[in-house]
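The values are calculated or read from the model by the stated rules, or taken from the named source; none is laboratory data. Not measured: the values here are computed from a predicted model. For neighbour counting, all protein chains shown are included, and Cβ atoms are generated from backbone atoms with ideal geometry for every residue, glycine included.
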């Protein structure tokens, strides 16, 4: 797995500062996915949230629909549909429609819902959200597989339910389930043979749980006659790259502090640095984020490979730490300099250059001999006095 090609992309929750235009933030994200498509990134995911004022996408399906019309090859994922908030039939039906709209460029990710405030407003007990996610997954998977489903739970009912459309290209889109520290996502991935989407993989708890959660997914898959593949395992973490470490750190002045305040005080996630500790130093020293150069990015991905044992894709948690232009530049630098190194895309080119360098004298000698032979031939036919002094001087300079 270590030498297998890793896919790369963006995980767009999104995080839009509420002192900026929401409309422009939406357009920026669509522009970004269009750029990622051109830069040869593999995937872009959109999230679902309903409160907090920053994470403003209520429907990943709507964002995917818009992005699909502006891109041609990048795969688009729901990151994620919060299943406890929706009737499973509506979820399956919408996802199948999106599959047709994208002509099969879709990945369907599911989760229990990230913000307790969302569940509160919808009257969903947070204590039951993870169980309801599993119940929802079971029905959604069955419907996407073309089954007729009759099922009744405390929160939904299906009666001879079936989808009108089969898979767009004859095969179902890949499925994934969100996982953080708890084993819930890993167990669901194993039970249904789905991909694992490790959100917060670079946080201390998430990083330390990588190998353990993958082992859970494998064990549960074996118990249910399923198979989970590392190539379907996606890790998510924040990234910002610049030409130098100093510039990357300077870019953080734009929005890192505001983001930390939102995450720690509103979303209530334990990601704030301890009192008196520089935020950028904390992000780098704990391994939570790449804030540096393309080479630092390469080292970060290698560290994740070592800890996890291997995975299929690394998704950048799209954050407003830097201004838009610098964030776009970060993706460009990663595409140009980091991904080719990680996936060894230039090995054949480097080998060709090395071979030519090692045999340069030989090839140079054969070239000079060929040129001299033609000059001598011309001299024999027309006389040496008819050979331009400029030609002789050029050949002498080349020989030297």
*Identify all residues within the stretch 344-365 that are in a helix (DSSP H, G or I) and farther than 29 Å from residue 295 by Cβ; write none if there are none.*
361, 362, 363, 364, 365
*Restricting attention to the stretch 264-298, report how many residues are free of Cβ contacts under 8 Å to residues at least 40 places away in the same chain, crowded, with 16+ Cβ neighbours inside 10 Å, in a helix (DSSP H, G or I) and over 21 Å from the mean Cα position of the chain (by Cα).*
3
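Residues that are assigned to a strand (DSSP E or B), modelled with pLDDT of 95 or more, closer than 15 Å to residue 137 by Cα and in contact with a strand residue (DSSP E or B) (Cβ under 6 Å, 6 or more places away or on another chain): does the stretch 182-192 have at least one?
no
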*Taking strands (runs of 3 or more DSSP E) that do not extend beyond the stretch 137-180, which have at least 2 residues that are surrounded by fewer than 17 Cβ atoms within 10 Å (Cβ to Cβ) and in contact with a strand residue (DSSP E or B) (Cβ under 8 Å, 6 or more places away or on another chain)?*
149-152, 157-161
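Restricting attention to the stretch 195-207, report how many residues are in contact with a helix residue (DSSP H, G or I) (Cβ under 7 Å, 6 or more places away or on another chain) and within 29 Å of residue 102 (Cβ to Cβ).
5
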*Failed condition for residue 44, given (1) within 16 Å of the chain's Cα centre (by Cα); (2) surrounded by 17 or more Cβ atoms within 10 Å (Cβ to Cβ); (3) touching a residue at least 40 places away in the same chain (Cβ under 8 Å), with all others met?*
(3)
_Let me confirm something: among 303, 336, 329, which residue is over 30 Å from residue 120 (Cα atoms), within 20 Å of the chain's Cα centre (by Cα) and surrounded by fewer than 12 Cβ atoms within 10 Å (Cβ to Cβ)?_
336
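For every residue, the table says whether it meets (1) within 19 Å of residue 172 (Cα to Cα); (2) part of a helix (DSSP H, G or I).
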position	(1), (2)
32	no, yes
52	no, no
73	yes, no
76	yes, no
79	yes, no
92	yes, yes
95	yes, yes
113	no, no
117	no, yes
_Which listed residue, of 132, 103, is in the same structural domain as residue 180 (by TED's automatic domain parsing), within 26 Å of the chain's Cα centre (by Cα) and either in a loop (DSSP other than H, G, I, E, B) or more than 27 Å from residue 9 (Cα to Cα) (or both)_ = 103
*Identify, from the list 158, 144, 122, 197, the residue that is in contact (Cβ under 8 Å) with a residue 60 or more places away in the chain, under 21 Å from residue 75 (Cα atoms) and assigned by TED's automatic domain parsing to the domain that holds residue 77.*
197
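Yes/no matrix, rows are residues, columns are (1) more than 23 Å from residue 189 (Cα to Cα); (2) touching a helix residue (DSSP H, G or I) at 6+ places or on another chain (Cβ under 7 Å):
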| position | (1), (2) |
| --- | --- |
| 44 | no, yes |
| 81 | no, yes |
| 101 | yes, yes |
| 104 | no, no |
| 120 | yes, no |
| 126 | no, yes |
| 131 | no, no |
*May I ask you to list the residues in the stretch 220-253 that are assigned to a helix (DSSP H, G or I) and in contact with a strand residue (DSSP E or B) (Cβ under 7 Å, 6 or more places away or on another chain)?*
232, 245, 248, 249, 251, 252
*Here are some conditions: (1) surrounded by 14 or more Cβ atoms within 10 Å (Cβ to Cβ); (2) under 21 Å from residue 199 (Cβ atoms). Residue 249 meets all but one. Which one does it not meet?*
(2)
*Which numbered condition residue 11 misses (of (1) touching a helix residue (DSSP H, G or I) at 6+ places or on another chain (Cβ under 6 Å); (2) in a strand (DSSP E or B))*: (1)
*Consider residue 301 against the criteria (1) in a helix (DSSP H, G or I); (2) modelled with pLDDT of 95 or more; (3) farther than 16 Å from residue 198 by Cα: it satisfies all of them except one. Which criterion is unmet?*
(3)
